[in-house]
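These notes are about the structure you will find just below.
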Amino acid sequence: MDRIPDHVDLDPQETQEWLDAMSGVLEHEGRGRTHFLIDELLQQDKTTGGGYRAALTTPYVNTIDAAQQPAFPGDVAMELALDSYLRWNAMALVLRAGRHSGVGGHIATYASATTLYEVGFRHFFRARTDAFGGDLVFIQGHSSPGIYARAFMEGRFTEAQMDLFRQETKGGMASYPHPRTMPAFWEFPTVSMGLGPLMAAYQARYMRYLEDRELIPAQGRKVWAFLGDGEQDQPETLAAIAMAGREKLDNLIVVVNCNLQRLDGPVRGNAKIIQELESVYRGAGWNVVKVIWGSGWDRLLQDDHDGRLRQRMMDAVDGEYQVFKARDGAYVREHFFGVDPVLRERVAHLSDDEIGALARGGHDPVKVYAAYAAAMKHGGQPTVILAKTVKGYGMGAAGEAANTNHQQKKMTADAVRALRDRFALPVPDDQVEDVPYLHLPPGSPQDAYFQAGIARAGGHIPHRSAGTETLVAPPLDSFAAHLKSSDGREYSSTMAFVRVLSQLLKDKDIGPRVVPIVPDESRTFGMDGLFRQVGIHSHVGQLYTPQDAGQLSYYKEDRQGQILQEGINESGAMSSWIAAGTAYSTHGVATVPFYIYYSMFGFQRTGDLAWAAGDMRTRGFLIGATSGRTTLEGEGLQHNDGHSHVLSSVIPSCVSYDPAYSYEIAVIVQDGLRRMLQEHEDVFYYLTVVNEKTAHPAMPEGVREGIVKGMYRLREGPVFDPKPRVQLFGSGAILKEVLAAADLLRDDFGVVADVWSVTSYTELRREGLETERWNRLHPLAPQRTGFVQRQLASTAGPIIAATDYMKAVPDQIRPFVGSQRFVTLGTDGFGRSDTREALRGLFEVDRHHIVVAALKALADDGLLRPQEVADAIAKYGVDPEARSAALL
């Protein structure tokens, strides 16, 4: 017998009896008891193998029914009028900027989101005060014109400043939220879509981390993140959803502006993005609140006793909904209601204009307020508000719900006039083409209402604090143990760093502020000893006995643990690092994050976040471990990093180093702490360390400045020796090969070599460029000499620079070495799996290739015979016909 479809009711009377019984429970015992009984029924079905699966989506109506809405505390008409002022000024900002300079801007996104922001500004967002830490608000990047419009009406910007929108070289305002260029205004850069959701989620978790560790008080602060529905497709967004749900971050409220459009067209033309997102968020453990229909639909829904309207709402797809708002009420009557004669009759009493005016929930302050109020009260889960809006709301024929409106930066005078008329704005006809900014008349009811919202919030939002807390970096002599010789004992520079980190964690002043961050590689980096020392942070503590509980370095989770163990999740770890590195601003508490990871999975994988970190003025340390193209033996192409120093060099606020010895690491870390904690410099440091063991010499006298600036002479050959001389530059792991090459040159060919440790080609280049620029702009002043030139002033012979990174890294200083021949050896090409010795031979950065390069440079300078180069090639078994590794 064929199975009867589930939707066929075989016994309506029995069904009604069940429903009546449930209604009785709801009336007399409450919703909690009702839900309990439903859960018990589902559990019974499950235990008997029924296989019932509850739906992850709810009907396509507002989550909060009109009868359940809280009383709106404001004046709806006043708020809608103020929204219109803001939309106008945001539009004027873009149109005037385009007219004056052609720099453009975006109108449609903020037009759709105005009410979503303004309900928050007027009723929910809380500014930072002396007594309260303040909420963190992530603004959707393309909404920036509207946020500027609000700041203008607050008196924070003048008309002259507004007219310099997107003209920063003239002192104007940034295109999007950029703390780097507007450090007193913007807090979070969000316009690289996908990063905003991820950083917001990790900011919420880091806020709770600080509360758990009692570094800040728990004050019920919230992180609000305003996102676009198209942005939800980003993998970073999905990762944020999963993490926040798993961690039950009830301090996080996400508002998704579901205007149904992305840059080119519909987000989900053939489906419903709100329903899809509801299933994604709910499945990840979020509280979901849908705001789909405005108050004008309430009566129609109340009268929908047969469910026809709800079904029609469900049947229509987003592509249709977009068209409905691009057309007039007559079209909606015919194509939305008219498909069902019963629905057509139900709206017969409404005019076409009244049907056209039926608003979406995201444009209704009452509906938005109800959703926000519910989110603020909800505990145990993060909340997402899925608010349906119209992209380009108010733009009319000029772009409302049009596929092209994201790129729309201009509007005709008629379109501007139509917007003025629609929102009844006080712009005289003879000024329409000028698109003047609108001011609230001082002392007017509108101005009083607007100012009351600011007073309720406790101040202006957004507003970024520069941070005032100063922590004193430990003096260099406190790192004395790391400045001494290891007396022949070998250990890796990774272990040298871990020992420095361990000492910092014990420091009575800054120790509690140190935040170690690892993406599930602590044991690889020798950090497992820290598990017991400072613990791994977990909001719920440790609910189990770890497998290694009897061992010294057992896996210890603790609510006050310091380590952030992120799992195999570099993007999440980077977001935690950014949150920790900006806590001086967002929380008024300076914390010092050390994020240690496989260097190949740093800038290459999370480069966009690293750039955002620079924008956010992040302070902290990135530690690229197991670094170098040839040093991580056996791993191969995907793990061998030979270019992270190229990638780090492009971020202006990133200070990069490739140290070789323990004392170099100590000097660099101490200097970074000084600059960031004491001097409040908005920089972050990148250090590469390796897993190859080596002996560590004592720190030579007088090299501290050279270590910090980027180079110093590690070993000098005999000063008055008449033999040919070369200058050998080495960094990180390859410094060992350079030292060995110097010995071979001396012993096998009678060549004198001075050996230099180059800790940062990037810093040397930057200093050289600044010196060059100063000289160019001051032709009449005594010309300055750069650091590289000063270091090499008394040296002789060609320079051979060998690195475990691409040749582009040492090539950075080529313009500053003067007339000396400059030869670079590097690891251009894809990595390979093999031993270090084999890989260094393949990439031609081992001691033998360094010797050959040095001899050839001397021969090219006429100081040796070419035959001696050929002899070296033969002596060391170098294959002159081998194909370049860069071409393999």
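A short reminder: the numbers here are calculations on the coordinates, not readings from a lab. This is a predicted model, so every value here is computed, not measured. Don't worry about glycine lacking a Cβ; one is built from the backbone with ideal geometry, like all the others, and counts go over all protein chains shown.
For segment 14-54, what mean projected area does the convex hull of the alpha carbons give, in nm²? Mind dumping the intermediate values first?
On the way: hull surface 12.7 nm².
Mean orientational projected area (segment 14-54, Cα hull): 3.2 nm².
Please list, ordered by chain and number, the residues whose modelled amide H lies under 5 Å from the amide H of LEU714; skip anything fewer than 5 residues away on the same chain.
Correct list: VAL755, TRP756, SER757.
Taking the chain as the reference, fit the longest principal axis to its C-alpha atoms, fit the long axis of helix 662-673 to the helix C-alpha atoms, and give the angle between the two in degrees, 0 to 90, nearest 10.
Relative to the chain, helix 662-673 is tipped by roughly 40 degrees.
Among the listed pairs LYS723/LYS875; LYS484/LYS508; LYS272/LYS325; LYS508/LYS556; LYS693/LYS736, which have their C-alpha atoms separated by more than 18 angstrom in this model?
Checking Cα-Cα distances, LYS723/LYS875; LYS484/LYS508; LYS508/LYS556 exceed 18 Å.
Dividing the alpha-carbon Rg of segment 712-887 by 2.2 N^0.38 Å yields what?
Details: Rg = 16.8 Å, N = 176, 2.2 N^0.38 = 15.7 Å.
Ratio of Cα Rg to 2.2 N^0.38 Å: 1.07.
What residues qualify as long-range amide H neighbours of PHE138, i.e. H under 5 Å apart, gap of 5 or more or another chain, H built at 1.01 Å from N?
TRP224, ALA225, PHE226
Name the shape class, rounded, prolate or oblate, that the alpha-carbon gyration tensor gives for segment 319-464, where a ≥ b ≥ c are the square roots of its eigenvalues, rounded holds for a/c under 1.5, and otherwise prolate holds if a/b is larger than b/c and oblate otherwise. List each step's numbers first, then the result.
Details: a/c = 1.91, a/b = 1.17, b/c = 1.63.
The shape class here is oblate.
May I ask for the distance between the Cα centers of segment 754-792 and segment 812-888, given as a whole number of Å?
Taking the Cα centre of segment 812-888 as reference, the centre of segment 754-792 is 27 Å away.
Rounded to the nearest Å, what's the spacing between the alpha carbon centres of segment 413-458 and segment 210-226? Just the number, please.
If you average the Cα positions of each part, the centres end up 36 Å apart.
If segment 295-358 were replaced by its equivalent ellipsoid, with semi-axes equal to the square roots of 5 times the Cα gyration tensor eigenvalues, what would those be, largest first, whole Å? All intermediate terms of the calculation are to be shown ahead of the outcome.
Values: eigenvalues 55, 40, 24 Å².
Equivalent ellipsoid of segment 295-358: 17, 14, 11 Å, largest first.
Expressed as a whole number of Å, what is the distance separating the alpha-carbon centroids of segment 170-190 and segment 257-286?
Centre-to-centre (Cα) distance: 29 Å.
May I ask for the Kirkwood hydrodynamic radius of segment 493-550, worked out over all distinct Cα pairs and given in angstroms to one decimal? Show your work: numbers first, answer last.
Numbers: mean 1/r = 0.0786 Å⁻¹.
One over the average 1/r among Cα pairs gives 12.7 Å for segment 493-550.
How large is the charge dipole for the chain, taken about the Cα centre, if only the Cβ atoms of Lys, Arg (+1) and Asp, Glu (-1) carry charge, to the nearest 20 debye?
For the chain, the charge dipole is close to 2100 debye.
Rounded to the nearest 10 degrees, what's the angle between the helix 365-377 long axis and the longest principal axis of the chain, both from Cα atoms, 0 to 90?
Relative to the chain, helix 365-377 is tipped by roughly 60 degrees.
Using the Karplus curve 6.51 cos²θ - 1.76 cosθ + 1.60 with θ = phi - 60°, what ³J(HN,Hα) values do you get for each residue of segment 223-240, in whole Hz, with x for Gly and Pro?
These are the phi-based 3J(HN,Hα) values: 10, 9, 10, 9, 10, x, 5, x, 5, 5, 6, 5, x, 4, 5, 4, 5, 5 Hz.
Counting other beta carbons within 10 Å of each Cβ, put CYS654, CYS258 in order, fewest first.
CYS654, CYS258
For q values of 0.09, 0.14, 0.18 Å⁻¹, compute log₁₀ I(q)/I(0) with the Debye formula on a Cα-only model of segment 476-695, without solvent.
Treating every Cα as an identical point scatterer, log10 I(q)/I(0) equals -0.34, -0.85, -1.44.
Tell me the Rg and the Dmax, in Å, that the Cα atoms of the chain produce.
32.7, 111
Taking only C-alpha pairs under 8 Å that are 6+ residues apart, what is the relative contact order of segment 295-358 in percent?
34 percent
Considering only the chain, what is the antiparallel percent among its DSSP beta bridges, to the nearest 5?
Here the antiparallel bridges make up roughly 15 percent for the chain.
Which order do peptides 106-119, 21-34, 237-250 fall in by mean Cβ count within 10 Å, highest first?
106-119, 237-250, 21-34
Quickly rank 216-226, 35-45, 95-105 as a protection proxy: mean count of other C-beta atoms within 10 Å, highest first.
216-226, 95-105, 35-45
Helix 413-422 versus the longest principal axis of the chain: what angle, 0 to 90°, nearest 10, using Cα atoms?
50 degrees
Given the convex hull over the Cα atoms of segment 119-217, what projected area results after averaging over all orientations, in nm²?
7.5 nm²
Take the Cα pairs of segment 522-564, get the Kirkwood Rh, then feed it into Stokes-Einstein at 20 °C and 1.002 mPa s and tell me D in µm²/s.
My calculation gives 208 µm²/s for D.
Select from ALA357, VAL332, TYR369 the residue farthest towards the positive end of the dipole of segment 296-418; place +1 on Cβ of Lys and Arg, -1 on Cβ of Asp and Glu, and compute about the Cα centre.
Positive-end residue among those listed: TYR369.
Calculate for the chain the 222 nm mean residue ellipticity that helices alone would give, adding -39,500 (n - 2.57) per DSSP H run of length 4 or more and normalising by residue count, nearest 500 deg cm²/dmol.
Counting only the DSSP helices, I get -12000 deg cm²/dmol.
With the cut-off at 1.5 for a/c, could you classify segment 256-301 from its C-alpha gyration tensor as rounded, prolate or oblate?
Cα axes put segment 256-301 in the oblate bin.
Using Cα-Cα distances under 8 Å and only pairs 6 or more residues apart, what relative contact order does the chain have, in percent?
11 percent.
Diagonalise the Cα gyration tensor of segment 614-728 and give the resulting equivalent ellipsoid semi-axes, square root of 5 times each eigenvalue, largest first, whole Å.
27, 22, 14
Taking Rh as the Kirkwood radius, which is the inverse of the mean 1/r over Cα pairs, what is the Rg/Rh value for segment 790-888? Please list the in-between numbers first.
Details: Rg = 14.3 Å, Rh = 14.5 Å.
We get a ratio of 0.99 for segment 790-888.
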